[in-house]
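Working notes, structure below.
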Amino acid sequence: MSRSAPFPTSAPFPTSGAAAPVAVAARATELSKVYGQGETRVVALDAVSVEFRRAEFTAIMGPSGSGKSTLMHCMAGLDSLSSGSARIGDVELASLNDRELTRLRRGRVGFVFQAFNLLPTLNAIENITLPMDIAGRRPDQAWLDQIVATMGLSARLTHRPSQLSGGQQQRVAVARALASQPEIIFADEPTGNLDSRSGAELLGFLQESVPALRQTVVMVTHDPVAASYADRVIFLADGRIVDELRGPSADAVLDRMKAFDSKGRTN
Amino acid sequence: MLRTALRNVFAHKARLVMTALAIILGTAFVSGTLIFGDTAGNAYRNVSAKNYRGVAVLVTANEGIRAPGDQHRTALDERLADKIRALPGVASVRPSATGYATIADKKQRPMGEEWQSLGADFTPGKDGKDSRYPLTSGRGPAAADEIALSTKAAADGGYRLGDRVRFAIDGPVLTKKLVGTVDTTDPRVTSGGTLALFDTATAQRLYSGAGSFSEFSVGARPGVDDVELTERIQRMLPEEKASAQSGSELARIQADEITMSTRSLTKSLMVFAGIALFVGAFIVANTFTMLISQRRREIALLRAVGASRRQVVRSTLVEAAVLGLLASVAGFVLGLGVALGLRPLLNSTGAHLPDGPLIVEPASFGYALVIGVVVTVLSAWLPARRAARVAPVEALSEIDQAPAQRSLVVRGVIGAVLGGAGVATMFYVATKTSSEGINAGMAGSALVLAGAAVLAPLLSRPLVTFAGKGLARMFPASGRLATRNALRNPRRTAATASALMIGLTLITGLTVLGHSATLGVDKMMERQGLTADYQVSSEGGWGLGKDAAGRLSAVPGVAAAVPLRTVGVDLGSDAGGLTGTDVSNLGKVAGLRFTSGSAEAVRAKNTIAVSEKTAGERGLRTGQRLKVTYNGDESGAEDEKPGRAKGPKTATYTIGGIYTDNEVVPKAFVSLATIASHVNQPSLANERILVKAEPGKASGLADKLRSALGSNPLVKVKDQSVLRAERSGSIGDILNMTYGLLGMALVIAVVGVVNTLAMSVFERTREIGMLRAIGLARRDVKRMVRLESVMICVFGAVLGIVVGGFLAWSGGHLVKSSFPAYEFGLPWPRIGLFLLIALVVGVLAAVWPARRAGRLSPLESMGVQ
């Protein structure tokens, strides 16, 4: 499988928003998340403001407890906000109830988790089309074929998750996230359970889906190498954005992380 | 290890309760039945002991059949009483004149059963009281126009002191003034009957003849052997006209009857208790299997730190034993309630059980505990052995991996062998027409049921897949997910459904049998041609005077009232019943079809029509002469109270026609004029009168018919549905009671479904979280659980209905031997109802698990926080 061009550049797919290259897919403004009360009060996010631009691959990094996962959960409509605002496109998440959030996740958001992405009872293609099934939509067959072919899953479509390797399972998960053409994909440590070769392969797919499909991807990771695939890296510490890096290399990311670590220790 | 087991029991209280519920219900049934048996037996014994208290010897007059108006006397008179009183050892002789009296209530309807409507004399002592019948209000009857009633009869009938009570004994309606109400210990009255008391002279006139009695109760002095006294009294009695029985013998006979009837009742209740426990065992086994697969890692850890296989097994069994013990205790407590509830339940179906205190024997408690614990431990045995097979290395594996599904091949082979043997046996049974196949039928049924239970996991795949296709079309996402979940663990799905299957097999089997019997009766009635709308008859043939048919046909709305009089005759060679009837109207109440000759020909005097069967047996043809011998006794007539034939002993009739066999006139019939000279007693004029209503006037005619005959309480008016019910026996009642009892098994099965679903939701928490994250709404999550539940339940119901239907079809041939009218038929509306119930049960069982699943938040259930 060639890693150089998994997606054709002359995309036959609709590339919405092409006319506005700096359009924002999602935005957090003064976003705070507080757990507990009184003595057990923990501020997980402290007035975070950030934009995720369309067709950009953003990595969120930070030591554990920095709030990077919480930021992703709040932005994805999986968790509620304590204050501030989180928007996907022009939709304010804070104003949505559970049913509306569910519909938003179903229609406009794609997810890739670290593990347990797939239903063991469904085969690969059924897992890929699950969000469309849930929404009662017919999948775009040409689009589906393209994604499946690109992910190298054509021969595995009728396999159950238990018959797939870890890398294949994660590729099915990415295919599922892409299949419904969401406005934004959130990936939570997608390579956390993979060996380095499978991980690299998966990150390559994610990376190249961004320019080719004008797909917006936000990935939480603690792995500098994974982060180096992104266009932009945001560093979180203690619930605040402390730094940002564009066009990162693994070494640059690692240096920054080390800097925070030492800062954290000296604190 | 014991501590581990106990911790496990109490760790999940909700699950504990759910599992325990299956055992609780089973043991409640067992202990309830035992307690009920003891209670009912004790109550009966109390009643009978009271009844014969102080009676050393009972002397009864032997009466022949006595017609009304017969002036006769029994052999028991005051002179004989005095002679017995003079015997050494005799303390007292109480003569009484007793019989039956049917009382009409204020609405002119007869009260009580025939044999429970007693009449007797009130014998006051010097204080004006009768110790046998203590007064509850008013005074005892002292004049010919006075009557006293048992307290309950007066209340039920709506009579107050001073009212005139309508009743009949063997003929016309009598009325007397109510002067008092009394208590009695007679079991026939206390279990739902009535008692009417008269002064001695009146009772003698009504029952035993002036100056004579129907029985003497003899009291003995202390220390006198009542058997010896009985022999001495017996020697004094005129031969064949009276007999003496000792009080101890009477009490023994009654006690034996009581023991037999309560034992058979307890036995049949125990069958249901057994079914409930059997179903419960499925639930326990299933629960423990699920528990152990959830705890694999924990068990592996125990094994890794050095627990032996045996310790793992023992720990599981101890857990089961503790659960069984707790459940049995709770079940016993619930059983007390069951025992209390059974009496009104059984009484409502027509059993007349006496009242009495609840008898709780320690043995009942012991049985409940032993049965509950043993069933639970045995049910947990196989799952426990499976637990022991968990390898220690599983504790170390990084990923939670479900144990590989074991192959279903072995199971399939075993199931096929069991089921095949069962089906073969049942086909063999189906060829049997006598009851000799009953044991084979039982064994075959058990094999078929066992085979179906073993094969259920294999059957679940095609059936659930098929159902899933339809569901996936209706609910694209949740339907498909539910189907896959139901297929995920076929053993679990099947075990859960099996509990339901067993209940529905029994319910369906019984329903099909009942339906087929009713169907047979309907067809028989059609074939045998009883087309009348009402049958009017009376107790003992009394109460229907010669003019009764005329009075009934005068009622507006009546098209024809046809009297039937049957006397025993010899038709050529052997005995048979000859019916005298209104030949010209007989066709209106019975579907008569003549194969030769005609009804018109039989109208003429001294002509006879014979049934095809009778003609065939004797080689009779129309136009032949037939010699008929009147027996002058009651032989020959079946089910009919015959008139006593008098007049010429033999007669020769011309055969006017031969008709196809007919239930109304089974052997042969002649005109009323022809038979008249052979039936002289006016009161025996008619055995029954069949009434045909004018079109559209049939409903509500019963009361008019009754009042046309002076509202005599002896008169019975039965409509078509009652006649039908009489012929199909008490199948309907039995069926209804069985539904109630099998409902228990159904409840236990539902508990099993709830249990399985709750466990499944718990196991699939992560999956549900992921589904919620990618956009499955709460509503859809709930629907997914609900659909899985419905599929499990309907799967169990379909299996049960198929198996039950098959068993009823094959076993029905055995019924046919004792119930020839039986015709196999499937009650489709009922079967549809059962499927609907299974559907509703599925929805209800899923309420709680679905709500739990719906509440899961995506983040928490995926374990990311």
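Only the coordinates and a few stated rules stand behind these numbers; no lab work does. Computed from a predicted model, the values in this text were never measured in an experiment. FYI the Cβ positions are ideal-geometry reconstructions off the backbone, even for glycines, and counts take in every protein chain you see.
Beta-bridge orientation, the range B:59-247: approximately 70 percent antiparallel, per DSSP, counting only bridges with both partners inside. By the Cα gyration tensor, the range A:47-190 has an equivalent ellipsoid whose semi-axes, rounded to whole angstrom, run 28, 17, 14 from largest to smallest.
Applying 0.36 nm per residue to the separation of B:ILE414 and B:LEU87 and subtracting their alpha-carbon distance, the gain on full extension is 110.0 nm.
On full extension, the segment bounded by B:ASP145 and B:ASN347 gains 69.2 nm, given 0.36 nm per residue less the C-alpha separation. As a rough footprinting exposure proxy, the listed residues B:HIS813, A:HIS222 were ranked by other beta carbons within 10 Å of their own, and the order from fewest upward is A:HIS222, B:HIS813. For B:LYS816, the aspartates and glutamates whose Cα falls under 18 Å of its own Cα, not counting residues fewer than eight places away in the same chain, are B:GLU436, B:ASP522, B:GLU726. Taking amide H as placed 1.01 Å from N in the peptide plane, the amide H of B:ARG295 sits under 5 Å from none that are at least 5 places away or on another chain. Estimated from the Cβ-Cβ distance and a Förster radius of 41 angstrom, the FRET efficiency linking B:ASP547 and B:ASP127 is about 0.30. Its Cα gyration tensor gives the range B:753-799 an equivalent ellipsoid, and the semi-axes of that ellipsoid, as √(5λ) in whole Å with the largest first, are 23, 12, 7.
Taken along its three principal axes, the alpha carbon spread of the range B:223-299 comes to 90, 28, 8 Å, from the longest extent down to the shortest. Taking the DSSP beta bridges with both ends in the protein assembly as shown, the antiparallel portion is around 70 percent. On full extension, the segment bounded by B:VAL843 and B:ARG389 gains 159.8 nm, given 0.36 nm per residue less the C-alpha separation. Spacing of the modelled spin labels on A:ARG137 and B:ASN46, each 7 Å from Cα toward Cβ, amounts to 7.6 nm.
In this structure, the amide hydrogen of B:ASP661, modeled 1.01 Å from its nitrogen in the peptide plane, lies closer than 5 angstrom to those of B:GLU612, B:LYS613, counting only residues at least 5 positions away or on a different chain. If a spin label sat at a point 7 angstrom from the Cα of A:ARG197 along the line to its beta carbon, the backbone N atoms of the range A:151-190 nearer than 20 Å would be those of A:151-156, A:163-172. Expressed as an acute angle from 0 to 90° and rounded to the nearest 10, what is the orientation of the C-alpha long axis of helix B:490-528 relative to the principal long axis of chain B? Compared with the principal axis, the helix lies near 20 degrees.
For the range B:167-318, what is the relative contact order in percent, using Cα pairs closer than 8 Å and at least 6 residues apart in sequence? Dividing the mean separation by the residue count of the range B:167-318 yields 8 percent. A helix-only calculation puts chain B at -18500 deg cm²/dmol for mean residue ellipticity at 222 nm, using -39500 (n - 2.57) for each DSSP H run of at least four residues, averaged over all residues. When both the range B:495-518 and the range B:238-256 are represented by their alpha-carbon centers, they are found 47 Å apart. Normalised by the number of residues in chain B, the mean separation of alpha-carbon contacts (under 8 Å, six or more apart) gives a relative contact order of 16 percent.
Mean shadow of the protein assembly as shown, computed from the convex hull of its alpha carbons, in nm²?
Values: hull surface 253.2 nm².
Computed as one quarter of the Cα hull surface, the answer is 63.3 nm².
Based on every Cα atom in chain B, Rg and the maximum pairwise Cα distance Dmax equal 35.1, 108 Å.
Pairwise Cα distances in the range B:59-247 exceed 22 Å in 48 percent of cases.
For the pairs B:LYS649/B:LYS718; B:LYS523/B:LYS697; B:LYS107/B:LYS692; B:LYS588/B:LYS704; B:LYS546/B:LYS697; B:LYS152/B:LYS177, note any where the Cα-Cα span goes beyond 27 Å. Violating the 27 Å limit, Cα to Cα: B:LYS649/B:LYS718.
Calculated mean residue ellipticity at 222 nm for chain A: -11000 deg cm²/dmol, from DSSP H runs with n ≥ 4 weighted as -39500 (n - 2.57), summed, divided by the residue count and rounded to 500.
In chain A, the ratio of gyration radius to Kirkwood radius, Rg to Rh, stands at 0.96 when only Cα atoms are counted.
Take B:451-461, A:122-132 and order them by the average number of nearby Cβ atoms within 10 Å per residue, most first; the result is A:122-132, B:451-461. Can you give the angle from 0 to 90° between the axis of helix B:778-818 and the longest principal axis of chain B, with both taken from C-alpha atoms, to the nearest 10? That works out to roughly 40 degrees. Measuring r between the beta carbons of A:ARG41 and B:TRP381 and using R0 = 45 Å, the FRET efficiency lands at 0.30.
Using Cα pairs closer than 8 Å and at least 6 residues apart in sequence, work out the relative contact order for the range B:59-247, in percent. Could the numbers behind the result be given before it?
Values: 386 pairs, mean separation 65.9, N = 189.
Relative contact order here is 35 percent.
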